[in-house]
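Participant: My questions will all concern the structure given below.
The values are calculated or read from the model by the stated rules, or taken from the named source; none is laboratory data. From a predicted model like this one, the values you see are computed outputs, not experimental measurements. Cβ placement follows ideal geometry from the backbone for every residue including glycine, while neighbour counts extend to all protein chains displayed. Protein only, heavy atoms only, side chains kept; ligands, DNA and RNA dropped before computing areas. Shrake-Rupley method; radii C 1.70, N 1.55, O 1.52, S 1.80 Å.
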Amino acid sequence: MHALKKNRPLRRIVLASAATVSGMVMLLSLKPHAAQDLAVGSSSTAPQGSSSAAPAPSSSSGSSSSGSSGSSTSGSKTYTGDTVQTRWGPVQVRITVKSGKITDVTAVSYPSDNPRDQEINSYAIPQLRSEALAAQSANIDSVSGATYTSDGYKQSLQSALDSAKL
């Protein structure tokens, strides 16, 4: 006869309690995976340096007015879009326009507070830039896994385009 089948209820209670406690300890020791937007950060491969701003507590996209324009050489002008607050930090875009066409798009600031942000934006920012140059508008696709950054990028880009009257 098996050891647990004998008439020893105390042994079964102790083993069941030990198993329950062990299961609870293992369950509570699991670390929850941070629910982050996969769309924020910067990298050394990004086209421009970024600012390190603390993530905003709200997920709404408000924008603060900081649009400006200035002239540079050879008839091209630069226009800086509004700074758009995203869930993970501010996003701001600057465009260069020559003869009514966008010749360059630069992400002036975007969240880069942690390595995950940097990893995400090492591919998101260049992709958003190339799409904006190809589309010549803010009507571009969002980068998968970089939703918040993509939305902030498009809003700031539209603000810069509005300043340039394009």
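Participant: Output yes when any residue across segment 126-146 is β-branched (V, I, T) and touching a Phe, Trp or Tyr at 6+ places or on another chain (Cβ under 7 Å), and no when none is.
Facilitator: Just the residues of segment 126-146 that are β-branched (V, I, T), to begin with: 140, 143.
In the following step, the residues that additionally are touching a Phe, Trp or Tyr at 6+ places or on another chain (Cβ under 7 Å) were identified as none.
No, because not a single residue in segment 126-146 is β-branched (V, I, T) and touching a Phe, Trp or Tyr at 6+ places or on another chain (Cβ under 7 Å).
Participant: What are the pairs with Cβ atoms under 7 angstrom where one residue, in segment 148-166, is in contact (Cβ under 8 Å) with a residue 40 or more places away in the chain and of a type in the set (F, W, Y) and the other, located anywhere, is open to solvent by less than 50 Å² (accessible area, probe 1.4 Å) and not in a helix (DSSP H, G or I)? Sequence gap at least six, or different chains.
Facilitator: Matching pairs, first to second residue: Y148/D37; Y148/A39; Y148/V40; Y148/T86; Y148/W88; Y153/V91; Y153/V93; Y153/A107.
Participant: Name the single residue that is modelled with the highest pLDDT among those in segment 112-166 being open to solvent by 70 Å² or more (accessible area, probe 1.4 Å) and hydrophobic (A, V, I, L, M, F, W, C).
Facilitator: Checking each candidate, the answer is A134.
Participant: Give the number of residues within segment 72-111 that are touching a residue at least 60 places away in the same chain (Cβ under 8 Å), open to solvent by less than 10 Å² (accessible area, probe 1.4 Å) and of a type in the set (G, A, S).
Facilitator: Of the residues in segment 72-111, 2 are touching a residue at least 60 places away in the same chain (Cβ under 8 Å), open to solvent by less than 10 Å² (accessible area, probe 1.4 Å) and of a type in the set (G, A, S).
Participant: Looking at segment 130-161 only, could you name the residues that are among the polar types (S, T, N, Q) and within 11 Å of the chain's Cα centre (by Cα)?
Facilitator: If we filter segment 130-161 for residues that are among the polar types (S, T, N, Q), which is where we start, we get 130, 136-137, 139, 142, 144, 147, 149-150, 155-156, 158-159.
Scanning segment 130-161 gives S144, T147, T149, S150.
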